[in-house]
Amino acid sequence: MSTEKINALITCSRILYDRKLLHATGGNTSVRDGDYVWISQTGAELGSLTEEQVVKVDLQGTVIEGERPSKEMGMHLAMYRSRPNAGAVVHAHPTFAITLSTLITEPSLDAIRPYTAAFYVRAGRVPMIPYHGSGAHSLHRAVEELAAHYHALLLRQHGLIVAGKTMSETVGMVEEIEQCCQIGIASSPKGEWLSEAQCAEIDRAMGRTWKT
């Protein structure tokens, strides 16, 4: 089972890099394996991630196998602890998502306008967390406060943290969010997004609610 999960982690990490959803050594990825998590090593280039650069930790962050885990491990573990059904977490640095975050001056529980139904079905409401330094414990705490209520968070001037059932599903959410941010920036100020009623209809069909 572990080999299958590590292979999915490596494959999807390279997909994120190839699709320019992260750059250089930015971003980090992880998959859950029972009571443990496999996470990319600190400083690893996800576009060429190898099995030797994947670290096994427990849900408290203790290293079981491998070298130093990503300095953003705290964000990943916050998502897993708050979302027991999450099987994968991606922290990416998509260009348009970060661009949009610089245009929003205040924290928001609904930061990304739903320009497409595909975005809203996959990602739903996406809050924005104010700027925190990369790897800061304050950032990890801010993520934990919202993680139980939202599976995708926009980090101001930093990127996205997204949790899903599988690595493939999680990558798909990152892509949908980035496309929606691109549409929003390209169509501003005249672009129209789904109405509250249309979003509520999707939420009812999916049986989900959001913290407000």
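What follows is calculated from the coordinates using simple rules that are stated; it is not laboratory data. Owing to the predicted nature of the structure, the values given are computational and were not obtained by experimental measurement. Heads up, the Cβs are rebuilt from the backbone with ideal geometry, glycines too, and the neighbour counts pull from every protein chain shown.
Before moving on, here are some points about what is shown:
- In terms of other Cβ atoms within 10 Å, 96, 119 run from fewest to most in the order 96, 119.
- Cα-Cα pairs of the chain separated by more than 32 Å (percent): 13 percent
- Taking the chain and dividing mean pair separation by its residue count, relative contact order in percent (alpha carbons under 8 Å, at least six apart): 21 percent
- Each part reduced to its alpha carbon centroid, the stretch 167-212 and the stretch 1-35 end up 24 Å apart.
- Summed over qualifying helices (DSSP H, 4 residues or more, each -39500 (n - 2.57)) and divided by its residue number, the chain shows a 222 nm mean residue ellipticity of -12500 deg cm²/dmol.
- Residue separation of residue 205 and residue 50 scaled by 0.36 nm, minus their Cα-Cα distance, works out to 51.8 nm of gained length.
- Each residue of the stretch 17-26 was assigned a 3J(HN,Hα) from its phi angle through the Karplus expression (A = 6.51, B = -1.76, C = 1.60, θ = phi - 60°), giving 5, 4, 8, 6, 8, 7, 9, 6, 9, x Hz with x at Gly and Pro.
- Out-of-range pairs (alpha-carbon distance over 27 Å; input 5/71; 165/190; 5/211): 165/190; 5/211
- Evaluating 6.51 cos²θ - 1.76 cosθ + 1.60 at θ = phi - 60° for every residue in the stretch 133-139, the Karplus couplings come out as x, 4, x, 5, 4, 4, 5 Hz, glycine and proline recorded as x.
- Fully extending the segment from residue 95 to residue 197, taken as 0.36 nm per residue of separation minus the present Cα-Cα distance, adds 33.7 nm.
- Sequence-distant residues sharing a close amide H with residue 115 (under 5 Å, placed H): 194
- Rounded to the nearest whole Hz, the Karplus-based 3J(HN,Hα) values (6.51 cos²θ - 1.76 cosθ + 1.60, θ = phi - 60°) of the stretch 203-212 follow the sequence 4, 5, 5, 9, x, 10, 10, 10, 5, 10, with x at glycine and proline.
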